[in-house]
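Accompanying notes for the structure given below.
The values are calculated or read from the model by the stated rules, or taken from the named source; none is laboratory data. What you are looking at is a predicted structure, and each value in this text was computed from that prediction instead of being measured. Neighbour counts run over all protein chains shown; Cβ positions are idealised from the backbone, glycine included. Accessible surface is based on the protein model in full, side chains and every heavy atom, while ligands, DNA and RNA are left aside. Shrake-Rupley method; radii C 1.70, N 1.55, O 1.52, S 1.80 Å.
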Amino acid sequence: MTTVVLNGVTALSHLGVIRAEGPDAASFLHGQLTQDFALLGAAEARLAALCTAKGRVIASFVGIRPHSELVLLVCSRDILAATLKRLSMYVLRAKAKLTDATEQFALYGLAGTALAANGLDAAALPGQRTAIGEDISAVSLYPADGVPRAMWIAPAGGPAPAGSPLDAELWQWSEVRSGIVTLTTPVVEAFVPQMINYESVGGVNFKKGCYPGQEIVARSQFRGTLKRRTYLVQADAPVSAGQEVFAAADAEQPVGTVAQAAPAPGGGWAALISIQISALETGGLRAGGADGPALTVEPLPYPLLEDI
């Protein structure tokens, strides 16, 4: 694989922000998402999912709680409006107000030396939040090929973080290489959280109380019924989120779905595919059909938790 210099700062215009504010903001989200927001500290961030009653993921977030009555949820902009509408349906008597705050914030991705240039610890574990002054948050993300990365969340109109410009396409590639799926429109309701490895990367808390789909998510985990996982692959031709994945043994029945994809620097594509675990043994994986791009599986950058 070509060595890539992943270094600099890029605007994350494909992401948006939902603001939840009020005395019950954290407790309300605690009852809706797969993660513990009631105990979310100011120095932490949470990866979380919103599921249907059948346990299917309809949105994924990086969430922070800058102070006790404010939670910010960063998600893909293309699903934000529908997600906000769905969450707002369940606020009812909770003292919480949910709004689309995308235009009030500037989001940036930082990679490599850009972290140190902005006073961030490049060795920080994923899920740590650093406060920069009173208004700016920096969230440590999973690295890509060993390169440290972070998300910068700041009020709109302020200066961009320090660092050389980073191509937005290169950042998208780094997102895939990190192994963490960000849900977008083509794959809404395509997976339960474990199908995109969320229980292995801190996206599901099995000790918290109920949330929509919780019974199915828990049953998948504790009854040893996990049959699909997400894997990192390379392809020589374009692939896209939502495409079906096929194996050589059966060209008629898909074995999975492309969860996320991005062009790779120097040519080719990188993708995260959620497929039947048994299909790894079969081999001959292709995207879109039996004659689609061949998919070469690469090691994930994190270990998968075993079924319990």
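What the table shows:
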| item | result |
| --- | --- |
| Fraction of accessible area attributable to carbon and sulfur, the range 1-160 (%, probe 1.4 Å) | 55 percent |
| Heavy-atom accessible area per residue - the chain, 1.4 Å, Å² | 44 Å² |
| Accessible area of Phe105 in the full protein assembly, 1.4 Å probe (Å², nearest 10) | 40 Å² |
| Interchain or long-range residues, amide H under 5 Å from Val255's placed H | Val245, Phe246, Ala247 |
| Label of the coordinate-derived value, Kirkwood radius over Cα pairs in Å, listed as [x] 20.6; [y] 19.7; [z] 21.4 | [y] |
| Tally of Lys pairs whose C-alpha atoms are under 22 Å apart, taken over the chain, 8 or more apart or cross-chain | 7 |
| Sulfur and carbon atoms: percent of accessible area, the range 172-308 [1.4 Å] | 51 percent |
| Given charges at Cβ of Lys, Arg, Asp, Glu: the range 184-298 dipole, positive-most of Ala248, Gly292, Pro212 | Pro212 |
| Solution diffusion estimate, µm²/s, Stokes-Einstein, the range 1-154, Kirkwood Rh from C-alpha pairs, 4 °C, viscosity 1.567 mPa s | 81 µm²/s |
| Dipole in debye (nearest 20) - the chain, about Cα centre, beta carbon charges: Lys, Arg +1; Asp, Glu -1 | 900 debye |
| Exposed-site-free run, longest, the chain (rule: trypsin sites (Lys or Arg not before Pro); DSSP loop; at most 14 other C-beta within 10 Å) | 96-206 |
| FRET E, pair Glu306, Ser278, Förster distance 25 Å, beta-carbon r, rounded to 0.05 | 0.95 |
| In nm, spacing of pseudo-spin labels at Asp145 and Lys85 (7 Å Cα→C-beta vector) | 4.0 nm |
